[in-house]
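Each remark here refers to the structure printed beneath this line.
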Amino acid sequence: MLRIDCPCCGVRDHSEFRYGGDATVERPAHDNPDLDSWYRYVYVRPNPKGLHREYWQHVLGCRQWLVVERDTVTHSIHSVSFSRRQRA
Amino acid sequence: MTPTEKRFASGGYLDRSQVLKFTFDGRQYEGFKGDTLAAALLANGVSLVGRSFKYHRPRGILSAGAEEPNALVTVGTGARREPNLPATMLELASGLEAASQNNWPSLRFDVQSVNSLFGPLLSSGFYYKTFMGPSRRAWMFYEHFIRKAAGLGKATTLPDPDVYDSRDDFTDVAVVGSGAAGLSAARAAAQAGARVLLIEQDFEIGGRLLSEPAGAAWLRAMRTELEEMANVRIMRRTTAFGLYDGNTLGLIEDADPFAGPVMAAARKTFTLLRAQSIVFATGAIERPMVFSNNDRPGVMLNSAIRTYVNRYAVLPDRNVVIATADDSAYLTAFDLLARGARVTIADARPLAEPTLLAKAKQMGAEVHLATNVADVKGKYTVTGVVLAGKSGTAGVSCDLVGMSAGWSPVLHLTSHQGVKPVYRPEIDAFVPGQLPETQFVAGGAGGSLSISAAVAEGASAGRAAAAVAGKVGVVAEAPALEIEETAGATTVYKPIFGQRKAFVDFQMDVTLDDIQLAHREGYESVEHLKRYTTLGMGTDQGKTSNINALKVMAKLRGISIPEAGTTTFRPPYTPVPIGAVAGRATGHHFRPYRLTPIHDWHTANRAQMLEVGLWMRPWFFEACGTDVNTAYVNEMRLVRSTAGIMDISTLGKIDIQGPDAAAFLDRVYANGFASLKVGRARYGVMLRDDGIVFDDGTTTRLGENRFFMTTSTAKAADVLSWLEFLLDTAWQDLRVSVSSVSDEWAGMSVAGPQSAKILAAAFPDIDFSNEALPHMGLAEGAFKDSPLRIIRLSYSGECAYEIYVGASNGENAWRDLIDVGAAYGLKPYGVEALGALRIEKGHVAGPEIDGRTTLSDLGMGRMVAKRSGYVGEALSHREAFQAANRQRLVGLKSIEPGKRLRGGALLFAPGEPLQGHGRGRMTSITYSPELDCYIGLGLLAADFKGDEVVASYPMKNEVVRARVVSPVFLDPAGERMHG
Ligand SMILES: [Zn+2]
């Protein structure tokens, strides 16, 4: 059981969360018509070994989308933050 | 020895005032509270307790713990029969009914033991070669034989009558194991201020201290101290069977058989424990020696003999040969000698600790150094051994053989998360590797076999574990523990080759010969060896066999033990019943039901309900027919001719507010929303980023900056998360807030030519004229103390209204409509009719929006022809989606009178062979009362020429000809819904 320290709700089981994929990829602007940019955003993933930033949503809690830094080898979680703070 | 001579009148951890009657293989025996089944059987002189898995060799009791490979019994009868339970862990209770396994017709005379004579037939690799060999014919031939002959105990096939619980738990520090190390760790962590949970698989606290008479006072003092601390909880009869991410432990707790007959009490309870830090104080398991017939009943581990003597006050037998490569066996010898047993020690080592030697001789033991047991005599009981030393071999008569070949730390849990064990040659054992900084090891689990070391390591581990949880209070020195100790293994025990029927894995019947055979045939890696021989594959997970097997393999290959490999362990440490993990989530409670606010009315009014996802929805109402096929057609006629009412509370409902709400919707819907006027609704389709259709629904503009979105029932949660994702990540600049209001609103739809009149009668304050409330218009009001929203929307193609009212008034509004509408012929209808009505109108739903179709595929490409900047736009233009043979939505109409269409049928051109995937498929079908034939929607290759297809349904061998038509079967101009 991953234990995710939600900055709003505290430490909770990962079963309260929804996984949202890679948080390192930059979403193209909504009006960007370039096929290749969208292809890379939707399909191309590096699958790194080690620390990885990924999106998780606290669906059974505050419903915030979070950026979780997780080690893909050990599953240990290094940081959790609101995705809104990350970019705002 | 007679049974009465085997049990001492005093001593041990027994309550002799509680005499317990139990049966084994139908015979009645007596034991005491505090006994295990194994201890009670030994006290009754029962040493033959089972037959082995493959060769059906007679077997006795090897150990006194969870590692037991031999003494597996079946407990209970009928629906409560539970197989493969180690007798060494079974707490004796009054009325316990146990039976031996793998025997027919009786334990003593077992027909299948002829397997021993046909050894080669079931030799090692037999299974492997049979399954993996070039021909499966061998398996067909042997299957019957194997099924009858092999296998462990039989589980019941009856429903489980017992109750199980599952629960969640939390603690600062979890201490696994309550021996000297665990007690010391728990005390230190608790004194430092941490909340401590001490977990013990046994029904008695103490671990190996229970077998150390000199440790009894210390144990008592520690136990009392812990029991009195408010921040310490103790779970007995509880096995920590698995370690998972985030310091989560899986625990399984057996009910206390002496707790009294509480009917609802769970037989086993599953706990998911989250701990900030964990101390593994799981101790060590003694390893057997490998010599001929080392599996005979009466051959035991020396530590087990000591446990039976000291904890259970049982002397299994009086003439004992102690075989050892380890100093700790001398303690067993001393305890036996003190009880009047005759002891011969065969020490495999050329030298032994002089003080131990001197004491053994002084107490009357005969000691042979550099001497091994070469063979065991006797079949159902031990009658003697053959000793082999420097001066040759000699027979010694005895009735009990003890063996010690060193100790294996119980490191299973520590390796569940992938931490590889490390070999330490000086103690000839694997110990846990580098653990995360929130996990600690103390005592035997880490390879420290001395009890004083365990106490010290426990104290420091407990303190460190508490510090992880931020608790650093003052810890007082633990009381001193004076105990006789030995150095443990001082040399590496190596199995001697050339011995026949020398078992390495007792439970899986794997011998020294088998491993040599595997090696000869090239199976050298441990993982191959395991698969080839089935070594370590039993319910005991090879607890007593893994290290000896590694040693044999290392010696055969001329490499070191760590080079030969380590075995990693996976949960569970001991078998876990599935029922306990499920807890109460069985039968009706297997998964939750979601009920709409109008549910009770449906069930009271003869609705047949249908599970749709988690929702319970009316399938059809018996008012229109008692079987679904009659009812749904009548319900369709009702809607088309008068009016029907339908519960649509299950739709996802999302409240969207903010200055940028219109701009936001303009992006998430493929078709435009910015131009939507206040008080008007619009049908919208969302795409995924990859250009595939995601969901559809209607959204109504309640105000300049406020919208009310509905989603499909199935996608409600996904759509909400998706909107939140966009706003929380890429589109943080949009000032929009979204919130689910699905449960706040009850929803119902009134559809049919009479619907406007019915609504006008039910809600006299609202103007339902075409001018005041046109198609796609909104009217707001109040119903009782709830807000009311009426949106004129049509799914069926008739003039229809969606009525949303506060959930608490949902049933009231429904009842009012039914009452008022009765005069107009209004009746309820269900999802079967709903689905059929939408097919007649060519509206797509789940079967068409299946995660593979694009807007163009569904005939909605024109919706976005002049649009840009919406989700999924770029990738919807990719080449593959424009292919000429892309399957597009069509209508299909049966042209064979009386023949039905079927959803899922494959579509072919007339005359084409009915093979492969065809040119398309039927997605939705219904009987249409309007057209008096079967119609359907389908996806058909766009380059298909011709207006006729053959629909093939191979599952029922049906072939039907159908005409390709427009998907809108009825009222293409939409005159009915505009009224
Ligand atoms: Zn939260």
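Here, each number is a calculation from the coordinates, and none is a lab measurement. Just so it is clear, the structure is predicted and the values come from calculations on it, not from any experiment. Please note: Cβ atoms are built from the backbone with ideal geometry, for glycine as well, and neighbour counts cover all protein chains shown.
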ask   = Looking only at segment B:859-902, which residues have a backbone nitrogen under 16 Å from a spot 7 Å from the Cα of A:Ser37 in the C-beta direction?
value = B:868-877
key: segment B:456-541: trypsin sites (Lys or Arg not before Pro) falling in loop per DSSP and having at most 15 other Cβ within 10 Å   = B:Arg500
inquiry  = Quick check: convex hull of the Cα atoms in the protein assembly as shown, volume per residue, rounded to a whole Å³?
reply    = 214 Å³
inquiry  = Need one value for A:46-59: mean number of C-beta atoms belonging to other chains within 10 Å of its residues' C-beta atoms.
reply    = 1
ask   = Going highest first, how would you order B:39-51, B:234-246 by mean Cβ packing within 10 Å?
value = B:39-51, B:234-246
task = Just report the Cα centroid separation between segment A:29-88 and segment B:874-923, whole Å.
result = 39 Å
request  = With N denoting the number of residues in segment B:3-117, provide Rg(C-alpha) divided by 2.2 N^0.38 Å, to two decimal places.
outcome  = 1.07
query = Quick one: which of B:Lys154/B:Lys420; B:Lys268/B:Lys420; B:Lys677/B:Lys866 span more than 25 angstrom between C-alpha atoms?
reply = B:Lys154/B:Lys420; B:Lys268/B:Lys420
request  = Run through all the Cα pairs of segment B:1-50 and give the fraction in each 10 Å bin from 0, expressed as whole percent.
outcome  = 25, 61, 14, 0
Per-residue mean of C-beta atoms belonging to partner chains within 10 Å, peptide A:26-39 = 5
key: Equivalent ellipsoid semi-axes - Cα gyration tensor, segment B:691-800, angstrom   = 30, 16, 13
request  = Starting from the alpha-carbon convex hull of segment B:494-569, give the projected area averaged over all orientations, in nm².
outcome  = 4.4 nm²
request  = Would you mind getting the Kirkwood hydrodynamic radius of segment A:3-87 from its Cα pairs, rounded to one decimal in Å?
outcome  = 13.8 Å
query = Over the alpha carbons of segment B:652-740, what is the largest minus smallest coordinate on each principal axis, giving the biggest first in Å?
reply = 30, 26, 22
ask   = If the viscosity is 0.692 mPa s and the temperature 37 °C, what translational diffusion coefficient in µm²/s does Stokes-Einstein give for segment B:602-690 when Rh comes from Kirkwood over Cα pairs?
value = 199 µm²/s
query = In debye, nearest 20: dipole of chain B around its Cα centre with unit charges on the Cβ of K, R (+) and D, E (-)?
reply = 2440 debye
note = Protection proxy (average C-beta count within 10 Å per residue), highest first, orders B:291-300, A:54-63, B:343-352 as B:291-300, B:343-352, A:54-63
key: Calculated FRET efficiency for the pair A:Glu16/B:Glu485, C-beta based, R₀ 60 Å, to 0.05   = 0.75
task = Note down the nm distance, to one decimal, between modelled labels 7 Å out along Cα→Cβ at B:Ala674 and at B:Glu227.
result = 7.6 nm
note = Per the rule of 0.36 nm per residue minus the C-alpha distance, extending B:Ala822 to B:Asp600 adds in nm 78.0 nm
ask   = Near the amide H of B:Arg735, under 5 Å away, which other amide H atoms are found, from residues 5 or more places off or on another chain, if H is placed in the peptide plane?
value = B:Asp660
inquiry  = Using a 7 Å offset from the Cα along the Cα-to-Cβ direction at both A:Glu26 and B:Ala155, what is the distance between the two label points in nm, to one decimal?
reply    = 5.4 nm
request  = Work out the mean other chain Cβ neighbour count within 10 Å for the residues of B:872-878 and drop it here as an integer.
outcome  = 5
key: trypsin sites (Lys or Arg not before Pro) within segment B:914-960: DSSP coil, no more than 16 neighbouring Cβ in 10 Å   = B:Lys945, B:Lys956
message = Show log10 I(q)/I(0) for segment B:850-945 at q = 0.11, 0.20 Å⁻¹, two decimals, from a solvent-free Debye sum over equal Cα scatterers.
response = -0.41, -1.03
Percent breakdown of C-alpha pair distances by 20 Å bin, ordered from the shortest bin, for chain B = 12, 31, 23, 24, 10, 1
key: FRET efficiency, B:Ala865 to B:Phe8 (Cβ-Cβ, R0 60 Å, nearest 0.05)   = 0.05
ask   = If packing is taken as the mean number of other Cβ atoms within 10 Å per residue, what is the order of B:797-806, B:758-767, highest first?
value = B:797-806, B:758-767
key: Potential lengthening between B:Ala782 and B:Val581 on full extension [0.36 nm per residue; Cα-Cα distance subtracted]   = 67.5 nm
message = Based on alpha-carbon centroids, what's the gap between segment B:331-357 and segment B:236-252 in Å, whole number please?
response = 38 Å
note = For segment B:764-798, listing trypsin sites (Lys or Arg not before Pro) in a DSSP loop whose Cβ sees at most 16 other Cβ atoms within 10 Å gives B:Lys784
query = To the nearest 0.05, what FRET efficiency results for B:Arg637 and B:Thr77 with a Förster distance of 60 Å applied to their C-beta separation?
reply = 0.55
ask   = Taking the Cα-to-Cβ direction at B:Ser808 and at B:Lys420 and moving 7 Å from each Cα, how far apart do the two end points lie in nm?
value = 6.4 nm
request  = Please list the radius of gyration and Dmax for segment B:288-405, considering alpha-carbon atoms only, with Å as the unit.
outcome  = 12.7, 39
